[in-house]
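Enquirer: Before I ask anything, let me first share the structure, which is written out below as structure tokens.
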Amino acid sequence: RATAAMGEVSEASSQAPLAVLSKVELRVSCKHLLDRDTLNKSDPCVLLLMQSQGQWMEVDRSEVIKSNLNPVFAKIFTVDYYFEEVQKLRFEVYDSHGHAGVGTHDDDFLGGMECTVGQIVAQKRVTKPLFLKYGKFAGKSTITIISEEISGNNGYVELAFRAKKLDDKDLFSKSDPFLEIYRIDDDRSEQLVYRTEVVKNNLSPIWEPFKVSLNSLCSCEEKRKLRCVVWDYDSRGKHDFIGEFFTTFEEMQKAMGENKVQWDCMNPKYKIKKRNYKNSGVVVLLDLKIHRVYSFLDYIMGGCQIHFTVAIDFTASNGDPRNSCSLHYINPYQPNEYLKALVAVGEICQDYDSDKKFSALGFGARIPPKYEVSHDFAINFNPDNDECEGIQGVVESYQSCLPKIQLYGPTNVAPIISKVARVAADEERTKEASQYFILLILTDGVVTDMADTREAIVRASYLPMSIIIVGVGNADFTDMQILDGDDGILRSPKGEPVLRDIVQFVPFREFKNASPTALAKCVLAEVPKQVVEYYSYKAFPPRCPQTDTPDSNLGSPQ
């Protein structure tokens, strides 16, 4: 349920449950920690635990900060946020002992605190006392958690810094420099964005490149002031100040391509005292790459159309449509399950399709004029144009085709998946994010051509399409769950895995007594993620990105 990242945007979990509203970044700091060490101060580390089915599970842990009772941790914890759930978190602070790592012994425990993700998100900043076992206060120790939402259209930036000719702060060796970047917020407070690793014994260090989200770096405002500080690392926690400089993300962007940007690293005290003081070294930004991460809405607002196709099962197992027990029985007072599912999903999809024309196909029936079995016929019987006008047009074509066909079999769906995939493949060749295809398959039983269907789904996973399968009636749909990759990765008969999970399967009976919107919400919840995954994999940007998004001025995608 939670993923964590060191100062970077975390990858979306492929197993993410429905309705992930957003991801939240949590930053942690502590004050007045207990001193457990006799000679030095404590070396604190924070563990983040999350409650799952009544058990506390460790999600991630911070770095260890040496000899510091007021630590500000550089680690950024990233947690999925669900509005409809109470998500309990527990933060535990331990005194770490070198290579032995973080012990969980009572004598190393500096205190814990429990809260919910909702509380942190609602308050944005939570400061609470730390407690030892049995509800005892850990002296005056407090922990502060600051949360920031990672907005959907947020990107991230990759930065590579080095320094030259830094001041030497050590008597018997050279300085051990590290760099910290702080964002200066509107209330003038400073928020640690990133802390590099320490480069030992080197006055011209090259630090490892790192990634930070644009939200984290500058709140997606490129003119926001940033303070960068270079320190000489001290194992007892008393780091020596080498120098600092101020910049903005706007200025940093000059380092794109072959260019480099450099700043004088200044020590304000030396500047006042020393007449010929120039600087305490220079810091160079060697490279900057912007990775724009687009959201589903970016694609929709850029003009991407969602094309909706419905495929209806006309096999004999549905029962004779003239019989009131049939799943295809047309009751003038009560729509059957096929119609209910079609309308629930179609009504949402139609908002994203400007021409409001839907392809409607049937499979498993003998059709006129020769009454041969077909697995991909147009239910309006127009082979040149299988589109119907709006959801109502689909409903009318469905009702008028029933008396003309003979329900038969078997339940083969691979031909229809392949048919929609051919249209999607033509779309893919445009190399634009202009049309995405949703295929809704309504069936009363397990498919007969499982091997061909798996093969067709693996092929389709490389194309701009998603497949929703709704099981109608009371059949045992256990074997259909294999097509929905949630329990593992769907593979073709030859063992080739899907590129992305594009199938969502649900039995209609689970929603029989719920509102139609509940079914639509369930089956369509994954679609925005699937759309973004496809276009991100293809590196297709939205066709005409909006100019009024908060970070639209943050450069072009790499």
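The values are calculated or read from the model by the stated rules, or taken from the named source; none is laboratory data. No experiment lies behind these values; they were computed from the predicted model shown. Cβ sites come from the backbone with ideal geometry, for glycine too, and all protein chains shown count toward neighbours. Heavy atoms of the whole protein, side chains included, go into the accessibility calculation; ligands, DNA and RNA do not. Shrake-Rupley method; radii C 1.70, N 1.55, O 1.52, S 1.80 Å.
Enquirer: Express the accessible area of region 446-503 per residue in Å², computed with a 1.4 Å probe while the remaining protein chains stay in the model.
Expert: With all protein chains present, region 446-503 gives 41 Å² per residue.
Enquirer: Let me ask something else about it. Work out how much length Ala451 to Ser173 would gain on full extension: take 0.36 nm times their residue separation and subtract the Cα-Cα distance, in nm to one decimal.
Expert: Difference between extended and current length: 93.3 nm.
Enquirer: Full extension from Thr116 to Asp187: what is 0.36 nm times the residue separation minus their Cα-Cα distance, to one decimal in nm?
Expert: Net length gain for the segment: 23.0 nm.
Enquirer: What percent of all Cα-Cα pairs in the chain falls in each 10 Å bin, counting up from 0?
Expert: 3, 15, 21, 19, 16, 12, 8, 4, 1, 0, 0
Enquirer: Then there's this: Using a 1.4 Å probe and counting only protein heavy atoms, arrange Glu533, Glu427, Glu372, Glu221 so the residue with the most accessible area comes first.
Expert: Glu372, Glu221, Glu533, Glu427
Enquirer: Over region 156-291, with the other protein chains present, what is the accessible area per residue in square angstrom, probe 1.4 angstrom?
Expert: 52
Enquirer: With a 1.4 Å probe and every protein chain left in place, tell me how much accessible area His328 has, in Å² to the nearest 10.
Expert: 0
Enquirer: Given a 1.4 Å probe and the protein chains all in place, what does the accessible area of Trp263 round to, in Å² to the nearest 10?
Expert: Solvent-accessible area, nearest 10 Å²: 20 Å².
Enquirer: Just subtract the alpha-carbon distance of Gln305 and Gln51 from 0.36 nm times their residue separation and send over the number in nm, one decimal.
Expert: The span from Gln305 to Gln51 would gain 87.4 nm if fully extended.
Enquirer: Show Asp240, Asp426, Asp232 ordered by accessible area, largest first, where the area counts protein heavy atoms only and the probe is 1.4 Å.
Expert: Asp426, Asp240, Asp232
Enquirer: Can you find, among Gly243, Cys388, His97, the residue farthest towards the positive end of the dipole of the chain? Put +1 on the C-beta of Lys and Arg, -1 on that of Asp and Glu.
Expert: So the residue we want is Gly243.
Enquirer: Ok, one more. Please give the net charge around Cys388, taking every other residue with its beta carbon less than 10 angstrom from that of Cys388, where Lys and Arg add +1 and Asp and Glu add -1.
Expert: Net charge in that neighbourhood comes out at -2.
Enquirer: If I take R0 = 45 Å and measure r between the Cβ atoms of Asn40 and Ser536 in this structure, what FRET efficiency does the formula 1/(1 + (r/R0)^6) give, to the nearest 0.05?
Expert: Approximately 0.45, to the nearest 0.05.
Enquirer: While we're looking at this one, here's another question. Which order do you get for Asp479, Asp108 if you rank them by accessible area with a 1.4 Å probe, largest at the top?
Expert: Asp479, Asp108
Enquirer: Quick one: with all protein chains in place, what share of the accessible area of the chain is carbon or sulfur, to the nearest percent (1.4 Å probe)?
Expert: 51
Enquirer: Listed here are the pairs Lys124/Lys164; Lys75/Lys529; Lys494/Lys529; Lys75/Lys431; Lys23/Lys431; which of them are more than 31 Å apart at the Cα?
Expert: Lys124/Lys164; Lys75/Lys431
Enquirer: Efficiency by 1/(1 + (r/R0)^6): what FRET value for Val86 and Arg275, r their Cβ-Cβ distance, R0 = 51 Å, to the nearest 0.05?
Expert: In this case the efficiency is close to 0.20.
Enquirer: Taking the Cα centre of region 309-356 as origin, sum charge times position over the Cβ atoms of Lys and Arg (+1) and Asp and Glu (-1), and report the length of that vector in debye to the nearest 20.
Expert: 220
Enquirer: Right, here's the next one. Give me the distance in nm between label points sitting 7 Å out from Cα along the Cα-to-Cβ direction at Gln392 and Ala316, one decimal.
Expert: That separation, rounded to one decimal, is 3.8 nm.
Enquirer: Follow-up. With axes computed from alpha carbons, what is the tilt in degrees of helix 337-349 against the longest principal axis of the chain, rounded to the nearest 10 within 0 to 90?
Expert: 40
Enquirer: Among Gln191, Asn279, Ala255, flag the residue with its Cα farthest along the positive direction of the charge dipole of region 156-291, charges on Cβ as +1 for Lys/Arg and -1 for Asp/Glu.
Expert: Highest projection toward the positive end goes to Asn279.
Enquirer: Give me the distance in nm between label points sitting 7 Å out from Cα along the Cα-to-Cβ direction at Asp479 and Thr430, one decimal.
Expert: 3.9
Enquirer: Further, regarding this structure: At 10 °C and 1.306 mPa s, grab the translational diffusion coefficient of region 156-291 from Stokes-Einstein with a Kirkwood Rh over Cα pairs, rounded to a whole number in µm² per second.
Expert: The calculation lands on 104 µm²/s.
Enquirer: Probe 1.4 Å, all protein chains in place: accessible area of Glu222 in Å², nearest 10?
Expert: Near enough 20 Å² of accessible area.
Enquirer: What spacing in nm lies between the two simple spin-label points modelled at Lys521 and Arg543, each 7 Å away from Cα in the Cβ direction?
Expert: In this crude label model, Lys521 to Arg543 measures out at 3.1 nm.
Enquirer: To test your reading of the geometry: what angle, between 0 and 90 degrees and rounded to tens, separates the Cα axis of helix 390-401 from the longest principal axis of the chain?
Expert: 30
Enquirer: Another question, if that's okay. Determine, from the Cβ-Cβ distance of Phe241 and Leu286 and an R0 of 25 Å, the FRET efficiency 1/(1 + (r/R0)^6), rounded to the nearest 0.05.
Expert: FRET efficiency, Phe241 to Leu286: 0.60.
Enquirer: Nearest 10 degrees, 0 to 90: what angle lies between the long axis of helix 527-538 and the longest principal axis of the chain (Cα atoms)?
Expert: Between helix and principal axis, roughly 70 degrees.
Enquirer: Show that you can apply the helix-only estimate: for the chain, add -39,500 (n - 2.57) for every DSSP H stretch of four or more residues, divide by all residues, and state [θ] at 222 nm to the nearest 500.
Expert: Calculated mean residue ellipticity at 222 nm is -5000 deg cm²/dmol.
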